[in-house]
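Here's the structure we're looking at; comments come further down.
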Amino acid sequence: MKTKLSFANPAKQNEKSRLQIFEAIERVVYSGNYILGSEVQDFEIAFAEYIGARNCVGVNSGTDALILSLRALGIGHGDEVITPSHTAVATVAAICTTGAKPVFVDVDLDTFTLIPELAERAINRRTKAIIAVHLYGHPCDMDRLLELVDRVGIHLIEDCSQAHGAEWNGKKVGSFGSVSCFSFYPTKNLGAIGDGGAVLTNNDELAERIRLIREYGWDLNRTSLEISGVSRLDEIQAAILKVKLADLKKSIERRNEIAMLYRNGINNSEVILPTTSINAIHAFHLFVIRTNIREKMIKDFSRLEIFPGIHYRKPVHAQPAYLKYQPMDGDSLANTNHLAATVLSLPMYPELDESDVNRVIEGINNVQS
Ligand SMILES: *Cc1c(COP(=O)(O)O)cnc(C)c1O
């Protein structure tokens, strides 16, 4: 019986570090301090250093990281935020939660990221920010986006939830924007064993404000200066994340090795392989191919106990809850719609061994249209 290969397998990674993880959990259990203590503080410092940003604020999820960032930047009702529709629904949900309006622009077929020229065309006097999603671990074109936001005076928010460890011009993503948002959802490149997220920023004042609104608008004396709910990273999750952060560099390298094996091994003419910009180091959260014979491929794969994913089958603008947000005139989101119909995420996680990878390659090369 063959082992199942899914597009992600967080249990396998946690198994590898289980002793250290149990030690970390035990330490928190005995400490008696379970909320916003030294574990969160230590992790915030370590993660800020890893990314190369001045401040890190731990929060409850990637979605909350985006919501708190938008709110801290004063974005809400009457404002517009430019974003791709080919993204996790969380990116857009966060914009709508603040009362702002998402404005969708199309993405590039090769890098799966938003097209800077289209973002520029979508800017008007209500536009307050662009959320650049480094989808699948491939960085957006940061040169052009930074030039654009600086020229027109709006904010760049990086959604790095799929791109821990990715680089643009030798700098980690998450160090470029006004603010950057990370998710530590279990399947991400850096995953907790539960929910978690973080906001990074080089702006100290903004970091202070995010710290305030992550917990009832409290100042240091627990006096509420602002109406706000709560979104904290747990001590236990922070302690686990610190264990896993130590392996992140290696695991990104391993993801790149696996990508190389796929690239060299796959030779089915029905498959378009992902590419990497010359300025980029890909973090390969997902290895996403494009194919017109997706359903056939999924069927053949399931017989081989291989279970790829689809990220995403329906773009956000086509989902019932978001139908009222349609792209600007002239932007048909043609690439976005094309990707929804053709993308397929192959198994991609550091614990895949050579025989697993070969099984996937053979499986793909044997699929016929
Ligand atoms: C996972 C993800 C999020 C949301 O993260 P959660 O921690 O699940 O809230 C946001 N944006 C992108 C691109 C993601 O992949």
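The values are calculated or read from the model by the stated rules, or taken from the named source; none is laboratory data. Keep in mind that what you see is a predicted model, and the values were worked out from it rather than measured. Reconstructed Cβ throughout: ideal geometry from the backbone, glycine too, with neighbour counts over all protein chains shown. These area figures cover heavy atoms from the full protein model, side chains too; ligands, DNA and RNA do not enter into them. Shrake-Rupley method; radii C 1.70, N 1.55, O 1.52, S 1.80 Å.
Okay, here's what the table says:
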read-out	value
Computed FRET value (nearest 0.05) for N292 with H77, which takes r as the C-beta separation and R₀ as 30 Å	0.10
Residue-averaged [θ]222 nm for the chain, counting only DSSP H segments that reach four residues, each worth -39500 (n - 2.57)	-11500 deg cm²/dmol
Mean Cβ count within 10 Å, highest first, over the residues of peptides 98-111, 81-94, 349-362, 14-27	81-94, 98-111, 349-362, 14-27
Net charge dipole size for the stretch 10-245 [Lys, Arg +1 and Asp, Glu -1 on Cβ; Debye, nearest 20]	260 debye
Among beta bridges that DSSP assigns inside the chain, antiparallel share in %, nearest 5	55 percent
Mean separation of Cα contacts under 8 Å (6+ apart) over length of the stretch 10-245, as relative contact order %	27 percent
Cα-based Kirkwood hydrodynamic radius, the stretch 268-354, one decimal, Å	15.1 Å
Charge-dipole axis of the chain as Lys and Arg at +1 and Asp and Glu at -1 on Cβ define it, positive-most pick from S38, F184, S355	S355
Additional length obtainable on full extension of the chain from E49 to R263, 0.36 nm per residue less Cα span	73.8 nm
Inter-probe distance in nm under a simple model that places probes 7 Å from Cα toward Cβ, at E354 and E117	4.5 nm
Simple label model, 7 Å out from Cα along Cβ direction - K314 to H338, nm	2.4 nm
Protection-proxy order for peptides 269-282, 305-318, each taking the mean of Cβ atoms within 10 Å per residue, highest first	305-318, 269-282
Accessible-area composition of the chain, carbon plus sulfur, in percent [1.4 Å probe]	51 percent
Cleavage-rule hits (chymotrypsin sites (Phe, Trp or Tyr not before Pro)) in the stretch 42-92: DSSP loop, at most 15 neighbouring Cβ within 10 angstrom	none
Surface per residue (accessible, 1.4 Å probe) for the chain, Å²	43 Å²
q = 0.09 Å⁻¹, the stretch 10-245: log10 I(q)/I(0) [Debye, one scatterer per Cα]	-0.36
Coordinate range along principal axes, alpha carbons of the stretch 88-128, Å, largest first	32, 26, 10
Nitroxide proxy distance, nm - points 7 Å out along Cα→Cβ at Y30 and L273	5.0 nm
Mean separation of Cα contacts under 8 Å (6+ apart) over length of the stretch 272-341, as relative contact order %	25 percent
Packing rank of 334-341, 239-246, where each peptide gets the mean count of other beta carbons within 10 Å, highest leading	239-246, 334-341
